[in-house]
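Colleague: Starting off with a structure, shown below.
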Amino acid sequence: MLSTPRQRHRAASRSNHPTARVKPDGRGPQRRRRQYSPLYALLLLLGFGMSLYGLVMVLSASSSGALGGGDPWHWFRRQALWLGAGFVVAFITSRIDYRLWRERAVAPLMGLSIVLLVAVFIPGIGINVLGSSRWVGWGSFTFQPSELAKFALIVWAADLLSRPQRSVTDLHQTVYPLLGVTCVFSALLLVEPDLGTAVLVVGIILVMLYAAGGALHHLGIITASAGAAAGILAYAASYRRRRLFAFSDPWADPIDVGYQTVQAGVSIANGGITGVGLGAARGKWGYVPLAHSDFIFAIVAEEFGLVGGIAVVGCFLAIGMLGYLVAHRIRQSDPFGAFLAIGITSWIVMQAFINIGAVIGVLPITGVTLPFLSAGGSSLVVTMAAYGVLLNIASHADG
Amino acid sequence: MTTVDIPRIGLGHASAPASPQRRLFVIGLVLLLAASGLSFRLVRIQVMEPDRYLEWGESQRLRSLTLPAERGAILDRHGVVLATSIPRPTIWADPSAVVDPRATAQALSPVLGVEVERLEYLLSRDSRFSYLGRQVDDSVAAAVLDLGLAGVFSYEEPSRFSPGGDEFARSILGRSDLDSLGISGVELQYDSILTGTPGELVFERAHSGAVIPTGEFDRTEAIPGSSIVLTIDQNLQFETERQLIDQVTATGGQNGIVLIMNNATGEILAMANVSRDADGVVRPSSENLSLTWNYEPGSIAKPFTFASVFEAGAGTTDEFINVADSMVIWDKEFTDDHPHALEYWSPVDILRESSNIGTISWANRVGADTLYDTLSDFGIGQGPILGFPNEAGGVLHDTDDWSGTSLPTIAIGQGVSTTPLQMLQAYATIANGGIRVPAQLVLGATGADGTFNPAPVEDPARVISEGTAADLTRMLTAVVEGGTGTRAGIPGYTTAGKTGTAWKPNPVDGGYEWADGRRYVASFAGFLPADDPQVTILVVIDDPVGNQETGGRAAAPLFGSLSRYALSVLSIPPTSRTAESEQADVRSKSLDEIEAERAAKAAAEAAYIARQEERQEEHQDESAPDADPAAADG
């Protein structure tokens, strides 16, 4: 009978994962003999493909000079630098045994996240852009703590849900702690305000709890409460409500609150079935707001049409399916790995669908970026780091 | 404390063992549904219902610019440019970009020659565009741009330019405004042909207003306007205007008109209109009096009275009658120009002496209806000929409206009004052996591609018999050989013509009496060479003074001078015997003499041009012509 998670993991590694990299005594097979499953290869390919495609699209969307102060290469250079950093980080995280996050990093990650989420409000460290305090930074280096917080929360939740001594359905053992910590994170995000990320965080935790076998009535109550809270927040201020729900009828006010949705729609409609061709989007000429970041999907759909748009949706769906397949495969041997995979996968795919849904006018616009494709700095690096962790889990899953 | 075996994955109180696997399946299914929903939404926007978005996008992106068509030129019969369009700088301002309207206005005022207050208003009004100076000289534009004022710019726009100066042939050419729209003369009459078809530039604009380089770009080139080719001979026109100005100046007249026509074709070779301006200087008129002026022709209409006599068979050229120097009809006494004893005159004698009494006697024989018909057939008082802007048509009342004195009055060219061109065309009809060839001012239009489209012309029509025309020509020849028109004759050619010294009606008091006595319209109309007429000319001097008031003195000499010039321009050889000796004289002229003549002529032209330019500077704004079109109804 194994009594500690760590010992159990070691045993699992040895018994069920002969190809796994084993540290530190090197008794296991060497790295060079490691074989990657098709699952791993597909995930790797999707990650590479999406991030490189994102680089191309950032160049296309920003090259009109309408953004970046007239320098057509500004955003490309920036994205290329961050992407380079992202590849390095992803390579490293894909080589670190994912179990080390649980063993060494849960507390530091959570601590750092809380500190940074609070730091955004501290003048001199936090950076306020257009009324939102979402960044910390010094000089030209900026960092969005919510990205790190998502990852930290997922690792922490995966750890909590996979502790054998705790019952997932037990309110005191699992549900309350999970709910409490999530509420703290969400509250800090809501104050920034970053409603989109707050909703995303709650969503990720709910999916993880559901996958872990959480009681349906618990899930129902949490979902209803979160929905009610979001509703109250949205309706509390009429200007926020108008902006949030402008997507449902953008034509009611196409030049003010409906502007972004209408312009994105114009750009997407212009793409037709096969698109206007790479580089030829009209929307990026100052019409679609944030064409290189939040609304880059509109440019994708305009330049590559329905085919390109569905391809991108399909790629995220594939990441989701493959990620859950990884969770399914590793669940028997390591629930922590399964929940971590579910968390990371849900994060990427839910964020992608929330973003795309907003761009195509079926969800409110909340400022959530499209993973891999949107121009971004620290968020891209953190997303890729998380994806590296997912890859590492995949390398441990049965081929 | 629940301990769970590793294979069971420690998921605690799941309701069924298969639940975790099923839940992952459910999550995957939800994901698939979400992806399907998003895809369906894309299908709707991009394939099923894109129209509203596409229309919105096009309305905000597509812009079109009108590409103005180059305005056609106006050319003389040999292709010499009389009016054309050249690019000239226009100064404009974007008031929103002007930093200090007052200071900017003060800096610009001396350069543009516009008041500071006016400029300040233009520079500070709520607009993005103000004209400050349109089509200014290059030097002015350069001076403005040198000031380096914020918000003040220039661009080039087509501006009308006449190589011959602003006054040369202005009554024919007319003017076009700053936007290249014809407002008078040929510029107005043929505006649609000259204007061409504007092109269009359609492009997609970025939100900032810049052109999207990858966007749609559709350029429909403008089709330049056609050039109008006039029947005018620039050389002859120039000389005609020059001599007419001199003659009107010399005779103290108010207006002067000369029309020179190739009678065989109806083409008007020269059409000069000059007027005395407010300062007493005679200059080319902006109004085309030869077309817009209804005037009483007087004695030059007498040949048409005889035409009606001969055509009606009421008399012949060698039928003599008694002619007194006065007669009373109803309440009115008619007299000849000067007293004479009772004469026994043929129509030839009557016309040579321009006897009113003799003409009236013959008119009485044919009666009102015949006279009316003949004058109408000649086109007198029968409406505009060319369709020129503001062209008048003369007035010849129906015989129903004639009074007892109408017949004798009209028979001698009073009580009827005509435009100078109508009179010219009537004489050309005699010159053509009785066939009216419609007058023509425009040969046709030359398209931008070089193709020439001739102007439509009316078919010639016979007005009087060849015999009557020959009789009239013989009578008119006698006028120049030994009658009132001797000053119109030139050596080497036989000229047929008639003087006219019409009484000028007083529009204020009615009748023909003016405060200072009578006023006259002196004219001479004729053609040459008489045996084979080539050129028909009409000279009209309005209101000459002193002893220059008769057609024989005011108009005939200019007729002679211009007919000589016209014949040389047209290279028409002399035909009569005296002509041969004259020609021999010309041949025997030494080279030096010819050179001297040419030099004198060149000097005269240079002096004329200099004077023109001087006047242009002095009189930037043309004054209205002094002609009084109301003089028509006498």
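The values are calculated or read from the model by the stated rules, or taken from the named source; none is laboratory data. Computed from a predicted model, the values in this text were never measured in an experiment. Virtual Cβ from ideal backbone geometry, glycine too; neighbours counted across all protein chains shown. Keep in mind that these areas ignore ligands, DNA and RNA; they rest on the heavy atoms of the full protein, side chains included. Shrake-Rupley method; radii C 1.70, N 1.55, O 1.52, S 1.80 Å.
Colleague: In region A:294-308, which residues become less accessible by 50 Å² or more once every protein chain is in place, relative to the chain on its own, using a 1.4 Å probe?
Modeller: Hits at the 50 Å² cut-off: A:Leu306.
Colleague: Follow-up. Let me check against my output: what whole-number percent is the relative contact order of region B:225-336, with C-alpha pairs under 8 Å and at least 6 apart? All intermediate terms of the calculation are to be shown ahead of the outcome.
Modeller: On the way: 113 pairs, mean separation 19.1, N = 112.
With pairs under 8 Å counted, the relative contact order is 17 percent.
Colleague: Against the longest alpha carbon principal axis of chain A, how many degrees, from 0 to 90 and to the nearest 10, is the axis of helix A:74-95 turned?
Modeller: Rounded to the nearest ten degrees, it is 10.
Colleague: On to the next question. Could you tell me which of A:Trp101, A:Thr366, A:Thr261 has its Cα farthest along the dipole of the protein assembly as shown towards the positive end, charges placed at Cβ (Lys, Arg +1; Asp, Glu -1), taken about the Cα centre?
Modeller: Value computed over the given set: A:Trp101.
Colleague: What is the calculated FRET efficiency for B:Asn322 to B:Leu54, with r their C-beta to C-beta distance and R₀ = 60 Å, to the nearest 0.05? Working shown, then result.
Modeller: Values: r = 96 Å, r/R0 = 1.60.
It comes to 0.05.
Colleague: Count the lysine pairs in the protein assembly as shown whose Cα atoms sit under 26 Å apart, keeping only pairs 8 or more residues apart in sequence or on different chains. Can you show the working numbers first?
Modeller: Details: B:Lys302/B:Lys332; B:Lys302/B:Lys498; B:Lys302/B:Lys504; B:Lys332/B:Lys498; B:Lys332/B:Lys504; B:Lys589/B:Lys601.
Within the protein assembly as shown, the lysine pair count is 6.
Colleague: What are the ³J(HN,Hα) values, in whole Hz, obtained from phi via the Karplus relation 6.51 cos²θ - 1.76 cosθ + 1.60 with θ = phi - 60°, for each residue of region B:542-548 in sequence order, with x given for Gly and Pro?
Modeller: Computed from phi, the couplings for region B:542-548 are 8, 6, x, 10, x, 7, 9 Hz.
Colleague: Restricting things to alpha carbons, find the Rg to Rh ratio for region B:285-402 using the Kirkwood radius for Rh. Present the calculation step by step, with values, prior to reporting the outcome.
Modeller: Values: Rg = 16.2 Å, Rh = 15.7 Å.
When Rh is taken as the Kirkwood radius, the ratio is 1.03.
Colleague: Next question, about the same structure. To the nearest 100 Å², how much accessible surface do chains B and A cover up together, summed over both, with a 1.4 Å probe?
Modeller: Values: alone 30500 and 17620 Å², together 43350 Å².
Roughly 4800 Å².
Colleague: Using the basic label-point model (7 angstrom from Cα toward the beta carbon), what is the A:Ile255 to A:Ser225 distance in nanometres?
Modeller: Rounded to a tenth, the inter-label distance reads 4.7 nm.
Colleague: Find how many whole Å separate the alpha carbon centroid of region A:205-267 from the alpha carbon centroid of region A:318-335.
Modeller: Rounded to whole Å, the Cα centres lie 29 Å apart.
Colleague: Additional query: Normalised by the number of residues in region A:180-305, what is the relative contact order in percent for Cα pairs under 8 Å and 6+ residues apart? Can you show the working numbers first?
Modeller: Values: 114 pairs, mean separation 19.5, N = 126.
Relative contact order for region A:180-305 comes out at 15 percent.
Colleague: Between B:Ser154 and residues 5 or more places away or on another chain, which pairs have amide H atoms under 5 Å apart, with H built 1.01 Å from N, and which residues are they?
Modeller: Close amide H contacts, sequence-distant or interchain: B:Trp92.
Colleague: Here's something else I'd like to know. Residues of region B:55-89 with backbone nitrogen within less than 15 Å of a virtual label 7 Å along the Cα-to-Cβ line of B:Leu178, please, listed as ranges.
Modeller: B:88-89
Colleague: Then there's this: If you count only protein heavy atoms with a 1.4 Å probe, what accessible area per residue comes out for chain B, rounded to a whole Å²? Please report the intermediate quantities before stating the final value.
Modeller: Numbers: 28020 Å² over 634 residues.
Here the residues of chain B average 44 Å² of exposed surface.
Colleague: Sticking with this one: What distance in nm separates the two pseudo spin-label positions at B:Ala603 and A:Ile232, each 7 Å out from Cα along the beta-carbon direction?
Modeller: Once both label points are built, they end up 11.1 nm from each other.
Colleague: Given a Förster radius of 22 Å and the C-beta distance between B:Ile223 and B:Tyr155 as r, what FRET efficiency does 1/(1 + (r/R0)^6) yield to the nearest 0.05? It would help to have the intermediate numbers written out before the result.
Modeller: Numbers: r = 22 Å, r/R0 = 1.01.
That gives a FRET efficiency of 0.50.
Colleague: Rounded, prolate or oblate: pick one for region B:374-472, where a ≥ b ≥ c are the square roots of the eigenvalues of its C-alpha gyration tensor, a/c under 1.5 means rounded, and failing that, prolate if a/b is larger than b/c, else oblate. Provide the component values of the computation, followed by the final result.
Modeller: Numbers: a/c = 3.41, a/b = 1.73, b/c = 1.98.
Taking the square roots of the gyration eigenvalues as a ≥ b ≥ c, region B:374-472 is oblate.
Colleague: Determine the residues within region B:203-235 where the difference in accessible area between the chain on its own and the full set of protein chains amounts to at least 10 Å²; count protein heavy atoms only and use a 1.4 Å probe.
Modeller: Going by heavy-atom accessible area, the residues of region B:203-235 that drop by at least 10 Å² are B:Glu204, B:Ala206, B:His207, B:Ile212, B:Pro213, B:Thr214.
Colleague: Taking loop as defined by DSSP and a crowding limit of 14 other beta carbons within 10 Å, which GluC sites (Glu not before Pro) in region B:96-177 fit? Kindly include the intermediate steps, with their values, before the conclusion.
Modeller: On the way: sites: B:Glu115, B:Glu117, B:Glu120, B:Glu156, B:Glu167; in loops: B:Glu115, B:Glu167.
Passing both the DSSP loop test and the Cβ count: B:Glu115.
Colleague: Here's something else I'd like to know. Using Cα-Cα distances under 8 Å and only pairs 6 or more residues apart, what relative contact order does region A:273-399 have, in percent?
Modeller: Values: 153 pairs, mean separation 33.2, N = 127.
Averaging sequence separation for qualifying contacts and normalising by length gives 26 percent for region A:273-399.
Colleague: How tilted is helix A:216-236 with respect to the longest principal axis of chain A? Cα atoms for both, answer in degrees (0 to 90, nearest 10).
Modeller: Relative to chain A, helix A:216-236 is tipped by roughly 30 degrees.
Colleague: Report, in debye and to the nearest 20, how large the dipole of the protein assembly as shown comes out about its Cα centre when Lys and Arg carry +1 and Asp and Glu carry -1 on their Cβ.
Modeller: Working: 74 positive and 104 negative charges, 2728 e Å.
Dipole size: approximately 13100 debye.
Colleague: How long are the semi-axes of the equivalent ellipsoid of region B:435-557, taking √(5λ) for every eigenvalue λ of the Cα gyration tensor, in whole Å from largest down? Please list the in-between numbers first.
Modeller: Numbers: eigenvalues 210, 104, 45 Å².
With the √(5λ) rule applied to region B:435-557, the semi-axes are 32, 23, 15 Å.
Colleague: Now, a different point. Report, by chain and number, residues whose modeled amide H sits under 5 Å from the one on B:Asp277, excluding near sequence neighbours (fewer than 5 apart, same chain).
Modeller: Sorted by chain and number, the residues that satisfy this are B:Val282, B:Arg283.
Colleague: Simple spin-label model, 7 Å along Cα-to-Cβ: B:Asn235 to B:His338 in nm?
Modeller: 4.0
Colleague: Using +1 at the C-beta of Lys and Arg and -1 at the C-beta of Asp and Glu, which of B:Gly165, B:Tyr155, B:Ser176 has the Cα lying farthest in the positive direction of the dipole of region B:120-203?
Modeller: The Cα lying farthest towards the positive end belongs to B:Ser176.
Colleague: As an exercise, use a Förster radius of 22 Å and the Cβ-Cβ distance of B:Phe25 and A:Gln332 to find the FRET efficiency, rounded to the nearest 0.05. It would help to have the intermediate numbers written out before the result.
Modeller: Numbers: r = 16 Å, r/R0 = 0.72.
It comes out at approximately 0.90.
Colleague: A further question follows. Given a 1.4 angstrom probe, I'd like the percentage of the accessible area of the protein assembly as shown that is carbon and sulfur, rounded to a whole number.
Modeller: Details: 24560 of 43350 Å².
Answer for the protein assembly as shown: carbon and sulfur cover 57 percent of the accessible area.
Colleague: For B:Arg436, what residues show an amide H to amide H distance below 5 Å, using hydrogens built from the backbone and excluding near sequence neighbours?
Modeller: B:Ala461, B:Arg462, B:Val463
Colleague: Along the charge dipole of chain B, Cβ charges K/R +1 and D/E -1, which of B:Ala142, B:Val114, B:Val540 sits furthest on the positive end?
Modeller: Toward the positive end, the furthest listed residue is B:Ala142.
Colleague: Specify the angular offset, from 0 to 90 degrees and rounded to the nearest 10, of the alpha carbon long axis of helix A:38-62 from the longest principal axis of the alpha carbons in chain A.
Modeller: Approximately 20 degrees, to the nearest ten.
Colleague: On average over all directions, what projected area in square nanometres does region B:65-121 have, based on the convex hull of its Cα atoms?
Modeller: Numbers: hull surface 25.9 nm².
Its Cα hull, projected and averaged over all orientations, spans 6.5 nm².
Colleague: Using the Kirkwood radius built from alpha carbon pairs, what does the Stokes-Einstein equation give as D for region A:185-332 at 4 °C and 1.567 mPa s, in µm² per second? List each step's numbers first, then the result.
Modeller: Details: Rh = 18.0 Å.
Value of D from the Cα-based Kirkwood radius: 72 µm²/s.
Colleague: Roughly speaking, what is the centre-to-centre gap between region A:36-65 and region B:367-443 when only Cα atoms are used, to the nearest Å?
Modeller: Their Cα centres are 92 Å away from one another.
Colleague: Place a +1 charge on the Cβ of each Lys and Arg in chain B and a -1 charge on the Cβ of each Asp and Glu, then give the dipole magnitude about the Cα centre in debye, rounded to the nearest 20.
Modeller: On the way: 45 positive and 87 negative charges, 604 e Å.
So the dipole magnitude of chain B works out to roughly 2900 debye.
Colleague: Determine the dipole magnitude for region B:140-257: charges of +1 sit on the beta-carbon of Lys and Arg, -1 on that of Asp and Glu, nothing else is charged, the reference point is the Cα centre, and the result goes in debye to the nearest 20.
Modeller: Working: 6 positive and 18 negative charges, 32 e Å.
In total the dipole reaches around 160 debye.
Colleague: Give me the compactness ratio for the protein assembly as shown, meaning the Cα radius of gyration over 2.2 N^0.38 Å. Intermediate results must be reported in sequence, preceding the final value.
Modeller: Values: Rg = 50.4 Å, N = 1033, 2.2 N^0.38 = 30.7 Å.
Computed over Cα atoms of the protein assembly as shown, the ratio equals 1.64.
Colleague: Ranked by accessible surface with a 1.4 Å probe, highest first, in what order do B:Thr550, B:Thr418, B:Thr405 come?
Modeller: Most to least solvent-accessible, the answer reads B:Thr550, B:Thr405, B:Thr418.
Colleague: Cα convex hull of chain B: mean projected area in nm², to one decimal? Intermediate values should be presented prior to the final figure.
Modeller: Details: hull surface 202.9 nm².
Average projection, Cα convex hull of chain B: 50.7 nm².
Colleague: Filter the DSSP H helices in chain B by two things, a Kyte-Doolittle mean of at least 1.0 and an axial alpha-carbon span of 27 angstrom or more, and list the hits by number. Each step should come with its number before you reach the end.
Modeller: Values: long enough: B:19-43 (35 Å, 1.24); B:591-618 (40 Å, -1.01).
Helices passing the filter in chain B: B:19-43.
Colleague: Taking the alpha-carbon set of region A:269-399, what are its Rg and Dmax in Å?
Modeller: Computed over the Cα atoms of region A:269-399, radius of gyration and Dmax are 16.4, 52 Å.
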